[in-house]
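One structure, as structure tokens, below. Some questions next.
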Amino acid sequence: MIWAFVDDYINKKLIPSDSTLEQVQESNKQAGLPNINVSSTHGKLLYLLAKLKGAKNILEIGTLGGYSSIWMARALSETGKVYTLEFNPDFAKIAEQNIHLAGYQDKVEVIVGKALDTLPILEEKELSFDLIFIDADKVNYPHYLKWSLKLANPGAVIIADNVVRDGNILDVKSNDVHTEGLQQFMDLLVNNPAIDSTAIQTVGIKGYDGFMIGIVK
Ligand code: SAH
Ligand code: DHB
Ligand code: MG
């Protein structure tokens, strides 16, 4: 597919080969993790957005092997931290190893458990965030949006992956709880006074999808 070739081209031009991230991808593969991490171009976009925002605390919902966590950790200032939530303890273990390999063991905290059980812990700790990346189970995206709005600082950036899914977002009777979750998520954004948002369709090595990006008011 031409999209994948163009992603290769962009990678060669703008995202110089990087042994750490290559090793992370290799260890994810060896561990048999599903190949659903963000692409390198999207990882770099997360990094650029975190830099643009000057983000101190970052929240990620859905760690997998920590690939996107490491991209975002690279954008942190001296004092910042990435808190990343992962349900699967085996994935979390691989993520910890990868984060260590990348040298971010003091900058990235993997919190194991269902995000809906661990988000209240962040609230209890009175943590708040400048950038939030939602990328876990799509069925819970509506809950993740509500939690994100609760935990976001004013002016925070919220990004949500996979809101297009090959255009499935338009399916009226999808019979898929994940698509329905994404549709409810989009509906929550309609005229929402708490967030100003758009969604961008994307093509590339990961096929046809898209992400929502918004700023908390
Ligand atoms: N952000 C990662 C990819 C995340 S894939 C990257 O780009 O590198 C989605 C992850 O969400 C999977 O690892 C999955 O185990 C996790 N997940 C699914 N349901 C979850 C839940 N209820 N709570 C926390 N994590 C969950
Ligand atoms: C899936 C999840 C993702 O976050 C993604 O980017 C691609 C696919 C999935 O669960 O199939
Ligand atoms: Mg995703």
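Do you know which residues across the stretch 135-149 are open to solvent by 30 Å² or more (accessible area, probe 1.4 Å), among the aliphatic types (A, V, I, L, M) and within 12 Å of ligand 2 (Cβ to nearest atom)?
Selection gives Val139 alone.
Of the residues Leu45, Leu33, Leu76, which is over 20 Å from Leu14 (Cβ atoms) and within 14 Å of ligand 1 (Cβ to nearest atom)?
Working: Leu45 fails: over 20 Å from Leu14 (Cβ atoms); Leu76 fails: within 14 Å of ligand 1 (Cβ to nearest atom).
None of the other options fit; the residue is Leu33.
Tally up the residues in the stretch 116-136 that are within 16 Å of ligand 1 (Cβ to nearest atom) and out of contact with any His (no Cβ under 8 Å at 6 or more places or on another chain), please.
Number satisfying all stated conditions: 14.
So is Ile70 surrounded by 12 or more Cβ atoms within 10 Å (Cβ to Cβ) and either outside any helix (DSSP H, G or I) or on the phi > 0 side of the Ramachandran plot (or both) or not? Spell out how you get there, then give the answer.
Working: surrounded by 12 or more Cβ atoms within 10 Å (Cβ to Cβ): yes; either outside any helix (DSSP H, G or I) or on the phi > 0 side of the Ramachandran plot (or both): no.
When the stated conditions are applied, Ile70 does not pass them.
For Lys13, all conditions in the list (1) in contact with a Phe, Trp or Tyr (Cβ under 7 Å, 6 or more places away or on another chain); (2) open to solvent by 30 Å² or more (accessible area, probe 1.4 Å); (3) of a type outside the set (S, T, N, Q); (4) more than 16 Å from ligand 3 (Cβ to nearest atom) hold save one; what is the number of the exception?
(1)
With the structure loaded, tell me whether Ile132 is surrounded by 18 or more Cβ atoms within 10 Å (Cβ to Cβ), within 16 Å of ligand 2 (Cβ to nearest atom) and under 15 Å from the mean Cα position of the chain (by Cα) or whether it fails that test.
Values: surrounded by 18 or more Cβ atoms within 10 Å (Cβ to Cβ): yes; within 16 Å of ligand 2 (Cβ to nearest atom): yes; under 15 Å from the mean Cα position of the chain (by Cα): yes.
Yes; evaluated as a whole, the condition is true for this residue.
Now a separate question. Just to verify a result, which residue in the stretch 152-187, among those that are surrounded by fewer than 18 Cβ atoms within 10 Å (Cβ to Cβ) and part of a loop (DSSP other than H, G, I, E, B), is nearest to ligand 3 (Cβ to nearest atom)?
Per the stated criteria, the residue is Asp176.
How many residues does the stretch 106-129 contain that are open to solvent by 30 Å² or more (accessible area, probe 1.4 Å) and in a helix (DSSP H, G or I)?
Residues meeting the conditions: 6.
Name the residues in the stretch 89-138 that are out of contact with any strand residue (DSSP E or B) (no Cβ under 8 Å at 6 or more places or on another chain), within 30 Å of Ile195 (Cα to Cα) and not hydrophobic (A, V, I, L, M, F, W, C), would you?
Lys114, Asp117, Pro120, Glu123, Glu124, Lys125, Glu126, Asp137, Lys138
From the residues in the stretch 32-56 that are exposed (fewer than 14 other Cβ atoms within 10 Å of the Cβ) and part of a helix (DSSP H, G or I), which one is farthest from ligand 3 (Cβ to nearest atom)?
Among residues in the stretch 32-56 that are exposed (fewer than 14 other Cβ atoms within 10 Å of the Cβ) and part of a helix (DSSP H, G or I), the one farthest from ligand 3 (Cβ to nearest atom) is Leu52.
May I pose another question? Among Asp130, Asp137, Asp117, which is the only one that is touching a residue at least 40 places away in the same chain (Cβ under 8 Å), among the acidic types (Asp, Glu) and within 21 Å of Val177 (Cα to Cα)? If you could, list the steps in order and put the result at the bottom.
On the way: Asp130 fails: within 21 Å of Val177 (Cα to Cα); Asp117 fails: touching a residue at least 40 places away in the same chain (Cβ under 8 Å).
Selected residue: Asp137, the only one of Asp130, Asp137, Asp117 that is touching a residue at least 40 places away in the same chain (Cβ under 8 Å), among the acidic types (Asp, Glu) and within 21 Å of Val177 (Cα to Cα).
Which one of these is under 12 Å from Ser68 (Cβ atoms), at pLDDT 95 or above and of a type outside the set (Gly, Ala, Ser): Leu21, Leu33? I'd like the intermediate steps shown before the answer.
Numbers: Leu33 fails: under 12 Å from Ser68 (Cβ atoms).
So the residue among Leu21, Leu33 that is under 12 Å from Ser68 (Cβ atoms), at pLDDT 95 or above and of a type outside the set (Gly, Ala, Ser) is Leu21.
A follow-up question, please. Assess whether Glu78 counts as being within 16 Å of ligand 2 (Cβ to nearest atom) and either in a loop (DSSP other than H, G, I, E, B) or open to solvent by less than 10 Å² (accessible area, probe 1.4 Å) (or both). Steps first, answer last, please.
Values: within 16 Å of ligand 2 (Cβ to nearest atom): no; either in a loop (DSSP other than H, G, I, E, B) or open to solvent by less than 10 Å² (accessible area, probe 1.4 Å) (or both): yes.
Criteria not met by Glu78.
Another question, if that's okay. Look through the stretch 81-105, keep the residues that are out of contact with any Ser or Thr (no Cβ under 8 Å at 6 or more places or on another chain) and assigned to a strand (DSSP E or B), and return whichever of them is farthest from ligand 1 (Cβ to nearest atom).
Lys81
Still on this structure: When the residues of the stretch 16-31 are narrowed to those that are open to solvent by 60 Å² or more (accessible area, probe 1.4 Å) and of a type in the set (Ser, Thr, Tyr), which ends up nearest to Ala102 (Cα to Cα)? Walk me through how you get there before you give the answer.
Applying the first criterion (open to solvent by 60 Å² or more (accessible area, probe 1.4 Å)) to the stretch 16-31 yields 16-17, 19, 22-23, 25-26, 29-30.
With the extra rule that they be of a type in the set (Ser, Thr, Tyr), the set shrinks to 17, 19.
Details: Ser17: 15, Ser19: 10 Å.
Only one residue fits best here, namely Ser19.
The values are calculated or read from the model by the stated rules, or taken from the named source; none is laboratory data. Not measured: the values here are computed from a predicted model. So basically every Cβ, Gly included, is an ideal-geometry build from the backbone, and we count neighbours across all protein chains shown. Quick note on the areas: whole protein, heavy atoms, side chains included, nothing else; ligands and nucleic acids left out. Shrake-Rupley method; radii C 1.70, N 1.55, O 1.52, S 1.80 Å.
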